[in-house]
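Student: Here you go, one structure.
The values are calculated or read from the model by the stated rules, or taken from the named source; none is laboratory data. For clarity, every value in this text was computed on a predicted model and none was experimentally measured. Please note: Cβ atoms are built from the backbone with ideal geometry, for glycine as well, and neighbour counts cover all protein chains shown.
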C-alpha cells in the first residue's frame, strides 16, 4: 500500500495515521459541515465506520486546507449525509457471523485450542424519497449490532500459603513465576530444586496478635485457587485463567429532511443519534464476574455511550461564482461505565464514609453547541 506524501503510519503517539506528520489525535471530523469529533478523546469520531449507506460524500483532505477546516492541524474528514430524491428508494442488509461458518484461526490450531466463540449480527437499512415532489425530501438510515463472544481472562490470586498469612521469598534472589529464566516454581506451583525459599508468618509475628481480618480473609477466599503459575510471582501470587463471555449492543440512526425554495436557497434538518452498551467489557476490565461461579464483590459490569446530534443548515448559492451557508448544530455525548461494589474493607479506623467512595466510575456528559457560517468563491466556475 502506498501513502500520499506527508502521511505516516505507526507513529509513537498512538500508532495510527499521522497527517501531515501531525499527532494522530489531530484529525478533524465534520458531518454536513459541523463538528462530530469524539469529545472524550481526540482524533476519533462516534460515527460508525460501516455506515456508508447514510453518506453521499466522503472526503479525506491531507493538506492545503481552506479556512473552514481550520479547527485541527491534522487530516480532515468531511462527510455529507444523503438526501432523498423524487423517487422512493431503499436498501437493507444483514451481516451474520458465527463459529459454525468459520475455520479455526491458525494460532488456535497451533496451540490445539478450539474456535473462538463469536456470534455477530449487523443489520439495518435506509429509505429516502419525496415528501413534496421537487420541493421537500426525506432520508432515514438505521443500523444495529448485536454481538456475543467468549474471551480468556487472567486474574491474579493469592497462593494457598499467602492466604494463611505466610509470605515466601527467595533468599538471595527474587520471586519469579514458572516458565521464565530464574523461575522459582514449576508449572504446578512446586518450588524448584535448588531454590532457597524463606518465609515470614504475618500472624505469628504480629505483636498485637490480632490475626487476619475476617472480612478481608472472606473476600480473599472468594477467589478460587490459582491454576496458572506463569503469572504473579509464583510463591505468593499466581494466575487464575478462565473463559467468560461478553456482549455488545449498538444502535445508530439518521434522519434528514431537505426543502428547496429555489435553485439558490435550500434548508435542511438532520438528526443523528446512537448508543453503545457493552456488558462485560473486557477492554475496560468490566467482566460480568471476577471469577466463574463465584459471588461478585466488585465488578465494573458494563459501559454505555450515547451520542445524540442534530443539525440544521441554510445552504445558499449567492451567484454562479460564490456560495454561502449557515449551519447550527447541537451535540451531546454521555459515557457511563457502570460499576458496583458489594463489600467494604474493615479498617480499624474508617476514613471513608460511604461505599460510593470505593467506586471508580467515570461518568460524564459533554455538550457542544456550534454555529458555522461559510462563504466561499468557486474558482472553477469563476475561471473557466
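Student: For region 148-163, does any single residue satisfy the condition of being in contact with a strand residue (DSSP E or B) (Cβ under 7 Å, 6 or more places away or on another chain), in a loop (DSSP other than H, G, I, E, B) and more than 30 Å from residue 54 (Cα to Cα)?
Tutor: The answer is yes, given that some residue of region 148-163 is in contact with a strand residue (DSSP E or B) (Cβ under 7 Å, 6 or more places away or on another chain), in a loop (DSSP other than H, G, I, E, B) and more than 30 Å from residue 54 (Cα to Cα).
Student: Which pairs do you get when a residue that is at positive phi and modelled with pLDDT under 85, found in region 255-284, comes within reach of a residue that is surrounded by 14 or more Cβ atoms within 10 Å (Cβ to Cβ) and outside any strand (DSSP E or B), reach meaning Cβ atoms under 6 angstrom, with the pair 6+ apart or on two chains?
Tutor: 280/287; 280/288
Student: Suppose we keep only residues that are on the phi > 0 side of the Ramachandran plot and in contact (Cβ under 8 Å) with a residue 40 or more places away in the chain within region 146-184. Which one would you say is surrounded by the most Cβ atoms within 10 Å (Cβ to Cβ)?
Tutor: First, pick out the residues of region 146-184 that are on the phi > 0 side of the Ramachandran plot: 165, 172, 179, 182.
Filter once more, keeping what is in contact (Cβ under 8 Å) with a residue 40 or more places away in the chain: 165, 179.
On the way: 165: 16, 179: 14.
My answer is 165.
Student: Still on this structure, I have one more. Quick one: would you say residue 205 is exposed (fewer than 12 other Cβ atoms within 10 Å of the Cβ) and within 30 Å of residue 256 (Cβ to Cβ)? Don't jump to the end; show me each part of the working.
Tutor: On the way: exposed (fewer than 12 other Cβ atoms within 10 Å of the Cβ): yes; within 30 Å of residue 256 (Cβ to Cβ): no.
So residue 205 does not fit the description; no.
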